[in-house]
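Structure, as structure tokens:
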Amino acid sequence: MKTKIKICGITTPEETEYLPPEEVDFMGMVLFCPKSRRNISLGRAMEIMEAAPKEIQKTAVTVSPSLEQALAIEKAGFDCIQIHGALDSRMIRTIHIPIIRAVNMKEGMPTIEDNAPVRAWLFDAAQPGSGKSFDWNRLAGIPRGGKKWILAGGLTPVNVGEAIAIVHPDMVDVSSGVEYEDRKGKDPEKIAAFIRAVREADGE
């Protein structure tokens, strides 16, 4: 199985040039999260989407978004919305783009609610965006329930192969693991290395 790749935390149109559409399936932009250093405005996100390859699915990454914010994301042309924190039940009945439901792996096993409109579960570290991973073996035994699984949290070109071998996710999601260490922004060399590591894990 070819593991899909999502590069998250895109903040400039220029960074989309580092995303080969034949390898990168999804890209993420953080919206309505002022505490995040990767947070951007909806206007900037639309500029990024305009610059990005059409083949790549555009994901709005949010924390406990309001219904109004979710509707604004849908109107802006995003392909899906990734929701950390609380999920407003009205959203399930109102928005028409797929929902990726994020689960932060804190102490104890996560509670997975069975929301039919949720297309995929994204398993992240206890503190999203921290660049820290969690014990991937904790996902063993959790029923997939017909949903896609996305693995996130502290993935890098060095450890993503091991993560894939343990979890066998449908997609891997990386942000801080492909960023520069001495300045803001995505590092094209790290993105290329991450892609190579995923393909090696896939046996390609």
The chain - mean residue ellipticity at 222 nm from DSSP helices (-39,500 (n - 2.57) per run, n ≥ 4, rounded to 500): -7000 deg cm²/dmol
Most fluctuating of Asp170, Asp135, Asp88 in the GNM of the chain (C-alpha, under 10 Å) is Asp135
Enumerate the amide H contacts of Thr12 below 5 Å, restricted to partners 5 or more residues apart or on another chain; note that Pro and chain-start residues carry no placed amide H. none
Which of the lysines could be linked to Lys147 by a straight reach, that is with a Cα gap under 26 Å, when you skip same-chain ones fewer than 8 residues away? Lys2, Lys4, Lys6, Lys54, Lys58, Lys75, Lys106, Lys132
Taking N as the number of residues in the chain, what is its Cα Rg relative to 2.2 N^0.38 Å? 0.95
For the chain, what does the relative contact order come out to in percent, with C-alpha contacts under 8 Å and a separation of six or more? 18 percent
Which value, in debye to the nearest 20, describes the size of the charge dipole of the chain about its Cα centre when Lys and Arg Cβ atoms bear +1, Asp and Glu Cβ atoms bear -1, and nothing else is charged? 600 debye
Under Karplus coefficients 6.51, -1.76 and 1.60, residue-wise ³J(HN,Hα) of segment 179-194 in Hz, glycine/proline x: 9, 4, 8, 10, 7, 6, x, 7, 9, x, 5, 5, 4, 4, 5, 5
Using amide H atoms built in the peptide plane, which far-off residues or other-chain residues are under 5 Å from Val61 H to H? Met29, Val30, Leu31, Gln82
Would you grab the residues whose amide H sits under 5 Å from the one on Lys4? Only those 5+ places off in sequence or on another chain, please, with H modelled 1.01 Å from N. Met171, Val172
Determine which aspartates and glutamates satisfy two conditions relative to Lys184: a Cα distance under 18 Å, and not lying fewer than 8 residues away in the same chain. Glu14, Glu15, Glu17
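Rule-based calculations on the coordinates, nothing more; no lab input. Computed from a prediction, not measured in an experiment: that's the story for all the values here. Cβ coordinates were reconstructed from backbone atoms using ideal geometry, including for glycine residues, and neighbour counts include every protein chain displayed.
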